[in-house]
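Report on the structure given below.
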Amino acid sequence: MQYYHNKTILITGASSGIGIAFCRQLASYGADLVITARRRDRLESLAQELHSQYDCRVMIITADLSDLNGPEFLFREIEKSELRIDILINNAGFGYNGAFVNGNFEMYEQMMQLNMNTLVKLTRLFVPRMIEQGHGGVLNISSMAGFLPIPFFSVYSATKQFVINFSWSLWNELKGTGVNVSVLCPGPVDTDFINVANVDKRKVAFRGLQSPESTASKGLSGLAKNVPMKLSRSLLRIPYLFSRWVPVRLGLLIGRLAMNKQ
Ligand SMILES: NC(=O)c1ccc[n+]([C@@H]2O[C@H](COP(=O)([O-])OP(=O)(O)OC[C@H]3O[C@@H](n4cnc5c(N)ncnc54)[C@H](OP(=O)(O)O)[C@@H]3O)[C@@H](O)[C@H]2O)c1
């Protein structure tokens, strides 16, 4: 995809799942990458693979982005290098499926920090230079879980709703600056997310998982075309339209059936 050729792209959550798929596709389009996550060994083997397969330049920065200082640290490390970020992909995130009172608050704090604050902070840090240079892009990863409130996925679905609203607003604000903004809303994808979130795979909502590759490719085409919101598969139009038009109470009932583990 020409839009990504010769661009320098920062991808958070690059050590696994959809993040790896973004990296492989971007490297094949001729982009240079800055990849970040906590697990350095995984980032190193990905960087080696991308370098040998696509001759891609890859900078690795390990960081805990649920840490308050994580985004600033990442920004400073990149500033110290000669690289300038053209496109930011806010992909790192995690969820928790279970009764709200069973999850500990520290975990919720980390989730809110990573899924929302870090995403906003990184956007605030990197977008000004994109505006200055008259081109750039921000791709935020939300979820179909952000369409409606979901019992037993309560904090996660709220963080993803935040990402959707923030992204739509920013897309509108940045019109005419040359900076594209898009939010990708995937349905269930076959990644570690499901284990980390402790989701019951037998639930109907988690059957028929999409591949990380096709999910990432939808997101990249959405950002290249400056589409404000991209669903990872056309079937998701149904829950999306449903979330717009049905009363919240009915949505809650369906969400509860989908995610309640008792
Ligand atoms: N899979 C799904 O069903 C699904 C559906 C809709 C939306 N999404 C969204 O898609 C995005 C990618 O998830 P995925 O499915 O690819 O899951 P994944 O395979 O679990 O990958 C999550 C990535 O986030 C990174 N990460 C987690 N905590 C971090 C922290 N504290 N600091 C820095 N990096 C951290 C992980 O790296 P380290 O552990 O190495 O730090 C990993 O690279 C997430 O935002 C998720 O909410 C996923």
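FYI, it's all coordinate maths here, none of it is from the lab. Note that the coordinates shown come from a computational prediction; the quantities given were computed from them, not determined experimentally. Neighbour counts run over all protein chains shown; Cβ positions are idealised from the backbone, glycine included.
Before moving on, here are some points about what is shown:
- Taken about its Cα centre, the chain carries a charge dipole of about 1040 debye when Lys and Arg each add +1 at the Cβ and Asp and Glu each add -1 at the Cβ.
- Under 13 Å from Lys225, Cα to Cα: aspartates and glutamates that are on another chain or at least 8 residues apart: none
- Rounded to 10°, Cα long-axis angle of helix 17-28 versus longest principal axis of the chain: 30
- Counting only residues at least eight positions apart within a chain, or on another chain, the lysines with an alpha carbon under 21 Å from that of Lys201 are Lys160, Lys261.
- In a DSSP loop and with at most 10 other Cβ atoms within 10 Å, the GluC sites (Glu not before Pro) in region 5-108 are Glu82.
- Here Arg124 and Lys175 are evaluated by their C-beta separation; at R0 = 22 Å the FRET efficiency comes out at 0.75.
- For a label point 7 Å along the Cα-to-beta-carbon line of Glu109, residues of region 64-87 with backbone N under 12 Å: 67-68
- Relative contact order, percent, the chain [alpha-carbon distance under 8 Å, six or more residues apart]: 19
- In a DSSP loop and with at most 12 other Cβ atoms within 10 Å, the trypsin sites (Lys or Arg not before Pro) in region 1-69 are Arg39.
- Angle of helix 154-173 to the longest C-alpha principal axis of the chain, folded into 0 to 90 degrees and rounded to 10: 50°.
- Computed extension gain for Leu83 through Glu213, at 0.36 nm per residue and net of the alpha carbon distance, reaches 44.1 nm.
- Shape category assigned to region 171-252 from the gyration tensor of Cα positions, a/c cut at 1.5: oblate
- Angle of helix 119-133 to the longest C-alpha principal axis of the chain, folded into 0 to 90 degrees and rounded to 10: 40°.
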